[in-house]
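Structure first, then comments.
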Amino acid sequence: MSATSGDDIGGAAGRAESPSATTRTLTMRGSRIDSREIFAAEREIIIAHGEENYRLRLTSQNKLILTK
């Protein structure tokens with residue numbers, strides 16, 4: 001499974017802030033991904049689900065928040 005960092009991370013009309021995207025590979029064990037792999041480089045990722053984008057953030061108290 002691959003994840004892309006830098007896609008649609010805000011800005012006007014949901015445009016990406018950074019023109020370059022980084023691709024990285026995440027290891028899945030069955031249907032499980034370790035959150036340390038997801039948040040190794042960033043504290044926030046964007047999840048594209050259909051036509052919507054969701055933000056998954058790691059808080060300072062090590063909790064996860066998913067917002068639309």
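Just so it is clear, none of the values below were taken in a lab; they were calculated from the coordinates. As the structure is a computational prediction, the values presented were derived from the model and not from experiment. A quick note on method: Cβ atoms are made from the backbone with ideal geometry, for glycine too, and the neighbour counts reach across all protein chains shown.
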Approximate spin-label separation ASN62-SER35, in nm, with each point projected 7 Å along Cα-to-Cβ = 0.9 nm
Once ARG55 and LEU26 are pulled to full extension, the length gained, defined as 0.36 nm per residue separation minus their Cα-Cα distance, is 8.7 nm
